Amino acid sequence: MRPLTDEEMRQFFAKLQTFVGQNITKLIDRADAPHTFRLVKDRVYYINEEHLKLASNISRENLLSIGVCFGKFTKSGKFKLHITCLDYIAQYCQHKVWVKSSAEMTFLYGNHITKSILAKITENTPQYAGVVVYNLNNVALGFGLAAQPTEYCRDLDPTAIVVLHQADIGEYLRTEDTLT
């Protein structure tokens, strides 16, 4: 368990900033308890500093995970967010998308969101911005990238892709053996 290097921190915060923008500081500078990001076996964890001190007594071989896994670095060195960080991303996200009740399962099976299943979208969402996908009951289902800006969504045909799928809560079942 070690702190992130400058390059790892830059890649991680660049990916996280597409979803939460300047709210990254709210993740680190918390009033209740200070938190930090640590790297364990190519995975980035969000850890309470008090728990971090307690975990230092555990050997590296015996430590599987600690805190909330925000994602991992791939073999090529890129960072990929995991669905396990959805609670924090949804709390601080800037852009949101809601899907119709009849189409929730389509997204949860890993498909992109098309115009026909889109219920509503926040105003002024730019293209390729990070969005959190909700159902109509405001339950966060996952996250992705906006394929089209809000202004163009009104004039699209029903089969056009509006949100590019990145992660959804169905991954807990699909990849439960590799998700830690």
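The values are calculated or read from the model by the stated rules, or taken from the named source; none is laboratory data. What you see is a predicted model; the values in this text were computed from it and never measured. Glycine also receives a Cβ, built like all others from the backbone with ideal geometry; neighbour counts cover every protein chain displayed. The protein model used for the area step is the full one, side chains on, heavy atoms only, and it has no ligands, DNA or RNA in it. Shrake-Rupley method; radii C 1.70, N 1.55, O 1.52, S 1.80 Å.
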Simple Cβ-charge dipole of the chain, Lys/Arg +1 and Asp/Glu -1, about Cα centre, in debye nearest 20: 240
Part-to-part distance (alpha-carbon centres) for segment 38-106 and segment 113-153, which is given in Å: 22
Residues of segment 2-32 with amide N under 16 Å of a point placed 7 Å along Cα→Cβ from Glu49: 3-4, 25-32
Stokes-Einstein translational diffusion, segment 85-180 - Kirkwood Rh over all Cα pairs, 0.890 mPa s, 25 °C, in µm²/s: 185
Charge-dipole axis of the chain as Lys and Arg at +1 and Asp and Glu at -1 on Cβ define it, positive-most pick from Val97, Phe73, Val133: Phe73
Accessible surface, per residue, of segment 114-176 when the full set of protein chains is kept, probe 1.4 Å, Å²: 51
Relative contact order %, the chain, counting alpha carbon pairs below 8 Å whose residues are six or more apart: 18
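Mind checking the alpha-carbon convex hull of segment 1-67 and giving the volume per residue in Å³?
Each residue corresponds to 86 Å³ of Cα convex hull volume.
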Among the listed pairs Lys72/Lys100; Lys75/Lys115; Lys26/Lys120; Lys80/Lys100, those beyond 29 Å (Cα-Cα): Lys72/Lys100; Lys75/Lys115
Among Ile28, Gln11, Cys153 - extreme Cα towards positive end, dipole of the chain, charges at beta-carbon: Gln11
3J(HN,Hα) from dihedral phi, segment 150-157, Karplus parametrisation 6.51/-1.76/1.60, rounded to Hz, x for glycine, proline: 4, 4, 7, 5, 5, 9, 7, 6
The chain: angle of helix 6-20 to the longest principal axis, Cα-based, in degrees nearest 10: 40
Cα-based convex hull, the chain, per residue volume (Å³, whole number): 127
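Can you tally the net charge around Phe19? Count Lys and Arg as +1, Asp and Glu as -1, for every other residue whose Cβ sits under 14 Å from the Cβ of Phe19.
Taking every other residue near Phe19 into account, the sum is +3.
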Overall form of segment 80-130 per C-alpha gyration tensor (a/c, 1.5; a/b vs b/c): oblate
Gain in span if fully extended, Ala33 to Gln17, counting 0.36 nm per residue against the direct Cα distance: 3.6 nm
Probe 1.4 Å, accessible area per residue of segment 1-107, Å²: 57
Difference of contour (0.36 nm per residue) and Cα-Cα distance, Met105 to Leu173: 23.2 nm
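Do the sum for the chain: with -39,500 (n - 2.57) for every DSSP H run of n ≥ 4, divided by all residues, what is the mean residue ellipticity at 222 nm, to the nearest 500 deg cm²/dmol?
Roughly -6500 deg cm²/dmol at 222 nm, from the helical runs in the chain.
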Surface share of carbon and sulfur [accessible, 1.4 angstrom probe, percent] for segment 1-157: 48
